[in-house]
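Everything below concerns the one structure shown next.
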Amino acid sequence: MAMNTQGRPSRPLHAHDAGAYTDTFSGSRGLDQAEPLIFERGRVDVTGVDLPEPSGAPLRVGGLERKAEIGLPGLAEPETMRHYVRLSRKNYAIDLGLYPLGSCTMKHNPRLNEKLARLPGFSDVHPLQPQSTVQGALKLIGELAHWLMVLTNTPCVAMSPKAGAHGELCGMMAIRAALDARGETGRRRVLVPESAHGTNPATAVQCGFYCDEIPADATGRVDMEAFKAKLGPDVAGIMLTNPNTCGLFERDIKEIADLIHEAGGYFYCDGANFNAIVGRVRPGDLGIDAMHINLHKTFSTPHGGGGPGSGPTVFSQALAPYAPVPYVVREGETWRMVEHEHEAEGEPFGRMVAFHGQMGMFTRALSYMMSHGSDGLKQAAEDAVLNANYVLARLRHVMTAAFDGTCMHEALFDDRFLKGTGVSTLDFAKAMIDEGYHPMTMYFPLVVHGAMLIEPTETESKASLDRFCDTLEGLALAAQNGETERFTAAPRHAPAKRLDETRAARSPVLRWTPPQDQPQAAE
Ligand SMILES: *Cc1c(COP(=O)(O)O)cnc(C)c1O
């Protein structure tokens with residue numbers, strides 16, 4: 001086994017870990033092609049580019065010129081193309097199949113959005129261009145901001161945060177600034193329900209707060225008695241997700257808002273699940289003070305590997321003065337970006353990013369909103385809830401629903417139906433890969449045992465949902481019939497098997513070491 005200088009394997013231990021099959025001569029299986037790392041495949045002397053030797057120009061690197069080969073992989077254009085296409089075929093994608101990840105909202109990315117985002121007036125502008133030359137882009141940001149404020153009924157939005165978690169940071173920094181402005185430096189306790197997404201407590205701690213966990217009641221919602229008991233003069237606020245990560249609407253949200261305000265705190269709402277209520281409920285009416293909106297969830301912009309996130313954050317009147325720069329204002333027919341704190345009204349806490357945010361995502365999100373209209377957005381939310389409830393109703397008899405009653409946009413199951421089968425939630429998820437599905441979210445939220453959280457989204461047809469439910473039903477029955485091996489040996493049909501994800505996260509091998517530089521170490 002080749003080890004790198006830190007004593008870690010410099011390449012996968014087994015050929016099949018690198019995506020090669022062992023039961024064929026080529027390492028490929030049918031259309032699933034074995035593909036080594038680009039560094040292992042390419043050589044600099046076969047690069048597709050042929051540049052003349054530089055001549056005449058004096059070297060001005062102060063004696064620091066490179067002594068050895070640079071070591072970049074060299075590939076011809078068709079080889080490069082094949083490398084990336086082969087890798088992409090090992091991947092799962094929203095354009096390939098149903099993506100049931102709960103709490104992630106893996107929505108279809110309409111092609112119209114892509115077309116509009118590629119218009120040169122939006123795609124070819126530079127953030128340092130004079131504002132007079134990018135009036136259309138500024139207007140687009142201003143218009144998207146307007147609709148986000150209308151949909152949430154809030155007076156202010158910061159467009160620049162670049163993800164949901166970044167939006168949380170923005171919201172909590174504004175809360176911190178507001179508390180500091182009130183001279184209340186002792187208010188540092190933030191209440192966070194135990195079903196919260198991990199980004200909530202992480203954000204609170206990052207902003208100098210500490211977290212106090214609120215337990216869930218038997219219905220999966222905030223335990224109101226426990227919540228009331230935790231209110232006090234050191235409470236900075238609450239971070240609450242609605243609908244929550246169990247896929248349930250927090251019915252007491254207005255009372256929660258009133259009580260936290262009475263106690264002198266602020267209400268941060270995690271708006272990642274806004275897609276379940278957009279067009280039907282305006283969070284501003286519920287008493288929120290700040291909420292991020294994941295454009296890559298609710299407004300269909302590409303998610304994860306498909307594109308950068310975007311997390312505009314809306315603010316109530318109470319927090320609006322502390323919202324960060326930059327923001328766009330309209331002056332007659334002209335749009336202006338307020339870029340510096342000293343030009344701003346109020347007391348912005350600062351800025352979150354170098355420029356203005358994710359222009360490409362703004363374009364896609366506005367395209368989505370305008371092509372749907374207010375009735376279409378409302379219907380998207382309703383259909384997302386309908387689809388999740390269909391999945392819940394169809395699978396309830398073979399899998400165990402975590403809570404009674406209907407759900408919002410995602411259906412939560414626990415692992416009671418696997419009890420005594422020798423199959424775990426993880427095994428069940430791996431068996432889904434063999435069936436051609438990306439697994440659902442597993443072991444989250446933490447409030448139920450062996451959680452399986454399924455969010456189908458609104459664009460899946462009944463036929464697609466039926467096929468998915470038939471598959472899960474088949475798997476659940478197979479587990480209950482003692483076909484344990486089918487699960488514990490899964491995935492059998494994937495190019496990579498069970499990877500050591502913990503080790504990959506704790507000690508990632510991020511650097512490829514050329515074979516000649518690898519110290520030979522005994523296994
Ligand atoms: C997705 C999500 C987040 C984080 O959003 P990112 O855009 O991934 O940073 C926070 N809270 C909840 C409930 C989420 O589902």
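Nothing in this text is a laboratory measurement; each read-out follows from the coordinates by a stated rule. If you're wondering where the values come from, they're calculated on a predicted model, not measured in any experiment. So basically every Cβ, Gly included, is an ideal-geometry build from the backbone, and we count neighbours across all protein chains shown.
Quick notes on this one:
- The protection proxy used here, the mean number of other Cβ atoms lying within 10 Å of each residue, ranks peptides 181-191, 150-160, 95-105 as follows, highest first: 150-160, 95-105, 181-191.
- Distant-in-sequence amide H partners of Thr298 (H built 1.01 Å from N, under 5 Å): Asn275
- Euclidean distance between Cα centres, the range 38-113 to the range 235-249, Å: 41 Å
- Of His438, Gln379, Gly198, farthest towards positive along the dipole that unit charges on Lys, Arg, Asp, Glu beta carbons give the chain: His438
- Whether the range 284-346 is rounded, prolate or oblate, judged on the alpha carbon gyration tensor where a/c under 1.5 counts as rounded: oblate
- Cα centroid of the range 448-520 to Cα centroid of the range 375-392, whole Å: 27 Å
- For the range 330-394, GluC sites (Glu not before Pro) are listed when DSSP marks them as loop and at most 13 other Cβ atoms sit within 10 Å of their Cβ; the list is Glu333, Glu345.
- Cα-projected label distance for His449 with Glu339, points at 7 Å along beta-carbon direction, nm: 5.8 nm
- Mean projected area in nm² (Cα convex hull; one quarter of hull surface) for the chain: 31.0 nm²
- Sites listed here are chymotrypsin sites (Phe, Trp or Tyr not before Pro) in the range 350-425 whose DSSP assignment is loop and whose Cβ has at most 14 other Cβ atoms within 10 Å: Phe355.
- The range 147-188-the range 395-426 distance, computed between alpha-carbon centres (Å): 36 Å
- Put in line by how crowded their Cβ is, counting other Cβ atoms within 10 Å and starting with the fewest, Arg221, Arg467, Arg43 read Arg43, Arg467, Arg221.
- Straight-distance crosslink candidates among lysines, where the alpha carbon sits under 28 Å from Lys297 and sequence neighbours closer than 8 are dropped: Lys90, Lys107, Lys115, Lys139, Lys162, Lys254, Lys378, Lys430, Lys462
- Of the GluC sites (Glu not before Pro) found in the range 54-117, those that fall in a DSSP loop while having at most 15 other beta-carbon atoms within 10 Å are Glu65, Glu69.
- Difference of contour (0.36 nm per residue) and Cα-Cα distance, Asp258 to Ala226: 9.9 nm
- Normalised contact order of the chain, rounded percent, pairs of Cα under 8 Å and 6 or more residues apart: 19 percent
- Cross-link partners for Lys497 among the aspartates and glutamates, with Cα-Cα distance under 13 Å and sequence neighbours closer than 8 places in the same chain left out: Asp17, Asp427, Asp434.
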